[in-house]
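Student: Take a look at this one; I'll ask things after.
The values are calculated or read from the model by the stated rules, or taken from the named source; none is laboratory data. Fair warning: this is a prediction, and the values are worked out from it, not measured in the lab. Glycine gets a Cβ as well: all are built from the backbone with ideal geometry, and neighbour counts include every protein chain shown. Heavy atoms of the whole protein, side chains included, go into the accessibility calculation; ligands, DNA and RNA do not. Shrake-Rupley method; radii C 1.70, N 1.55, O 1.52, S 1.80 Å.
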Amino acid sequence: MNYTTLISPEQLATSINLPNWIIFDCRFSLADTEAGARAYRRGHLPNARYAHLDKDLSSAITDFTGRHPLPHFGLLSKKLGQWGVDTQSQIVVYDDAGGAFAGRMWWLLKTLGHDTVAVLDGGIPLWQKHQHPITTTLPIISTKEFRPYLDDTRWVNALQVQNDLAGKKSCVIDARTLERFKGLQEPVDPVAGHVPGAINRPFQLNLNPDGSFKTADKLREQFLQLLGRTQPEQVVHMCGSGVTACHNLLAMEIAGLKGSKLYAGSWSEWIRDKNRPVVQQKC
């Protein structure tokens, strides 16, 4: 069986040692960018590699980009091969934040044409709660050749967002908290507020209290209520830097609402150009 959205701890536990299964630890903290790597060294799922959000899953920041620009896909493809990934690999990605960071790697692999990738539902906290093992042993890796099939229709740029909103051709969903969306607080970026015309759905609404995803039926109900007559293919997801936006995109895929896109630069890129409009709400 192939897993393409989510995999439960129980499902992973029965297959984790199969030769074609590759596990990635994507833990990360915006406040301490090396916290995830330290956590990995203290204990991770068996056979897991570590993928760093800044160093592996993003490219260097420039004067025109957001905080987590898309990686160079050629370099990422080379790294995937060095990590032992090929076209036959079933990949599982996890973190300790309900999929907030693992979702980025899930989306990147899908964009590279690798469909058999799933997020561990509930991440390492639920894995440990179910008493599955963790280890400090580093995996033995056999290098493979990863052949990408890049689909550049899966993301849009700032100009496309601006034009599509003006023409009412798309629905932009912002995954940040309501306080950040309204501009009542902004702990990360220099400008508060949101893109005019965007609607808010904090990615945390996709989760149960234990950090696992809500059921497909519940997610479908909630997104359809949010979208109204808008088709999934017209949806563009954004957040602060193009990371947690992937969580909403994943949630829609789980719900069977496929075809939405990512505004990869997101808010931190949008505000780089002072000519782009910004909405700030005072209450």
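Student: For the charge dipole of region 124-175, defined by +1 on Lys and Arg C-beta atoms and -1 on Asp and Glu C-beta atoms about the Cα centroid, which residue among GLN131, THR143, GLN160 has the Cα displaced farthest towards the positive pole?
Tutor: GLN131
Student: Now for a different question. So, with +1 on the Cβ of K and R and -1 on the Cβ of D and E, and no other charges, what is the size of the charge dipole of region 188-276 about its Cα centre, to the nearest 20 debye? List each step's numbers first, then the result.
Tutor: Values: 10 positive and 8 negative charges, 39 e Å.
Around 180 debye, computed over region 188-276.
Student: Right, next: Within 10 Å of each candidate Cβ there may be at most 14 other Cβ atoms; applying that plus a DSSP loop requirement, which trypsin sites (Lys or Arg not before Pro) in region 161-207 survive? Write down the numbers at each step before the final one.
Tutor: Working: sites: LYS168, LYS169, ARG176, ARG180, LYS182; in loops: LYS168, LYS169, ARG176.
Sites meeting the loop and neighbour criteria: LYS168, LYS169.
Student: Moving to a separate point now. Based on alpha-carbon centroids, what's the gap between region 27-86 and region 110-184 in Å, whole number please?
Tutor: Here the two parts' Cα centres lie 12 Å apart.
Student: Could you point to the residue in ILE173, LEU226, PHE213 farthest towards the positive end of region 161-227's charge dipole, with +1 and -1 charges on the Cβ of Lys/Arg and Asp/Glu respectively?
Tutor: My answer, from the dipole projection, is LEU226.
Student: Find which of MET105, HIS68, GLN88 sits farthest along the positive direction of the dipole of region 43-106, computed with +1 on the beta-carbon of Lys and Arg, -1 on that of Asp and Glu, about the Cα centre.
Tutor: Of the listed residues, the answer is GLN88.
Student: Which is the longest stretch in the chain that no exposed loop site breaks, taking sites as GluC sites (Glu not before Pro) with a DSSP loop state and at most 16 other Cβ atoms within 10 Å? The partial results should precede the final answer.
Tutor: On the way: sites that count: GLU34, GLU145.
Counting at most 16 other Cβ atoms within 10 Å as exposed, the longest clean stretch of the chain is 146-283.
Student: Using a Gaussian network model on the chain with a 10 Å cutoff between Cα atoms, which of PHE64, PHE146, PHE213 fluctuates the most?
Tutor: Of PHE64, PHE146, PHE213, the most mobile in the Gaussian network model is PHE64.
Student: Further question: Express the carbon and sulfur contribution to the solvent-accessible surface of the chain as a percent, rounded to the nearest whole number, probe 1.4 angstrom.
Tutor: On the way: 6640 of 13010 Å².
Here carbon and sulfur together make up 51 percent of the probe-accessible area.
Student: Here's another thing I want to ask about it. Pull up the DSSP beta bridges for the chain and report the antiparallel fraction as a percent, rounded to 5. It would help to have the intermediate numbers written out before the result.
Tutor: On the way: 3 of 26 bridges.
Counting only bridges with both partners in the chain, antiparallel ones make up about 10 percent.
Student: Could you tell me the relative contact order of the chain? Use alpha-carbon pairs under 8 Å, at least six residues apart, and round to a whole percent. List each step's numbers first, then the result.
Tutor: On the way: 582 pairs, mean separation 62.1, N = 283.
Reported relative contact order: 22 percent.
Student: Helix-only mean residue ellipticity at 222 nm, the chain, DSSP H runs n ≥ 4 weighted -39,500 (n - 2.57), per residue, nearest 500. What is it? Display every interim value, and only then the final one.
Tutor: On the way: 10 runs with 81 residues, N = 283.
Helices in the chain give a 222 nm mean residue ellipticity of -7500 deg cm²/dmol.
Student: Keeping to pairs on different chains or 8 or more places apart, tell me how many lysine pairs in region 22-129 have Cα atoms under 27 Å apart.
Tutor: On the way: LYS55/LYS78; LYS55/LYS79; LYS55/LYS110; LYS78/LYS110; LYS79/LYS110.
Step by step, the pairs that qualify in region 22-129 add up to 5.
Student: Classify region 117-236 as rounded, prolate or oblate from the Cα gyration tensor: take a ≥ b ≥ c as the square roots of its eigenvalues, call it rounded if a/c is under 1.5, otherwise prolate when a/b beats b/c and oblate if not. Walk me through the intermediate numbers first.
Tutor: Working: a/c = 1.85, a/b = 1.49, b/c = 1.24.
Cα axes put region 117-236 in the prolate bin.
Student: Using the Cα centre of the chain as the reference point, and only Cβ charges (+1 on K/R, -1 on D/E), how large is the resulting charge dipole? Debye, rounded to the nearest 20.
Tutor: Working: 31 positive and 27 negative charges, 67 e Å.
Taking the Cα centre of the chain as origin, the dipole is about 320 debye.
Student: A further question follows. Please report, in debye to the nearest 20, how large the charge dipole of region 148-193 is about its Cα centre when each Lys and Arg carries +1 at its beta carbon and each Asp and Glu carries -1 there. Walk me through the numbers before you get to the answer.
Tutor: Details: 6 positive and 7 negative charges, 38 e Å.
My answer is approximately 180 debye.
Student: Turning to a different aspect of this structure: Compute the accessible area per residue over the chain, keeping the other protein chains in place, probe 1.4 Å, unit Å².
Tutor: Values: 13010 Å² over 283 residues.
That works out to 46 Å² for each residue.
Student: So, one more: What residue among LEU120, LEU70, LEU18 has the largest mean-square fluctuation in a Gaussian network model of the chain, using Cα springs under 10 Å?
Tutor: Looking only at LEU120, LEU70, LEU18, the largest GNM fluctuation is found for LEU18.
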